[in-house]
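Single-structure report; data block below.
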Amino acid sequence: MSRKKTGEWEMFMEIWKERKHVCANCGKKLGNKPQPIFFSHILTKGRTPELRLNKDNIELLCAEHHMEWETGDLETKRNFTWSKTKKQIVREHNYLLYCKLFGDD
């Protein structure tokens, strides 16, 4: 049985061509072959399906940091490297999470 095409992998390949192959959190090199685990949604597909195919909602992360992002508590997430774009996505689409992470500004 073949999987239904969602456009996600095609978007991942565009990101792979556009960005350096390093973890956005620790700088670890990811190699030359893209792996699904390297592509992390900042805001989950389940809670924000409208951002599923938004490149700004995807970060390249090593497997360790991808799992920490998916399963970590607020303190773990607070200690991640936060780019301006990443902060903006969270602020615009999940303000409650933004306030929990950074306080209300």
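The values are calculated or read from the model by the stated rules, or taken from the named source; none is laboratory data. Predicted, not measured: the structure shown is a model, and the values here were computed from it. Neighbour counts run over all protein chains shown; Cβ positions are idealised from the backbone, glycine included. With ligands, DNA and RNA removed, areas are computed over all heavy atoms of the protein, side chains included. Shrake-Rupley method; radii C 1.70, N 1.55, O 1.52, S 1.80 Å.
Residues of region 25-36 that are touching a residue at least 12 places away in the same chain (Cβ under 8 Å) and either surrounded by 14 or more Cβ atoms within 10 Å (Cβ to Cβ) or closer than 20 Å to Ser83 by Cβ (or both): Asn25, Cys26, Lys28, Leu30, Pro34. Pairing residues of region 80-100 that are open to solvent by 90 Å² or more (accessible area, probe 1.4 Å) with residues that are part of a helix (DSSP H, G or I), at Cβ distances under 6 Å and at least 6 apart in sequence or on separate chains, gives Arg91/Tyr98; Lys100/Leu74. Restricting to region 57-79, count the residues that are among the hydrophobic types (A, V, I, L, M, F, W, C) and either in contact with a Pro (Cβ under 6 Å, 6 or more places away or on another chain) or open to solvent by less than 20 Å² (accessible area, probe 1.4 Å) (or both). Qualifying residue count for the region: 5. With respect to the conditions (1) without any contact (Cβ under 8 Å) to a residue 12 or more places away in the chain; (2) over 14 Å from the mean Cα position of the chain (by Cα); (3) surrounded by fewer than 10 Cβ atoms within 10 Å (Cβ to Cβ), Glu10 lacks only one, and its number is (3). Exactly one of these conditions fails for Phe80: (1) touching a strand residue (DSSP E or B) at 6+ places or on another chain (Cβ under 8 Å); (2) farther than 18 Å from Phe12 by Cα. Give me its number. Only one criterion is unmet by Phe80, namely (1). One residue is enough: does region 13-25 have a residue meeting the conditions of a type in the set (D, E, K, R), in contact with a strand residue (DSSP E or B) (Cβ under 8 Å, 6 or more places away or on another chain), modelled with pLDDT of 95 or more and within 19 Å of Glu70 (Cβ to Cβ)? Scanning region 13-25 turns up no residue that is of a type in the set (D, E, K, R), in contact with a strand residue (DSSP E or B) (Cβ under 8 Å, 6 or more places away or on another chain), modelled with pLDDT of 95 or more and within 19 Å of Glu70 (Cβ to Cβ).
Report yes if Arg19 is under 15 Å from the mean Cα position of the chain (by Cα), open to solvent by 80 Å² or more (accessible area, probe 1.4 Å) and touching a residue at least 40 places away in the same chain (Cβ under 8 Å), otherwise no. Criteria not met by Arg19.
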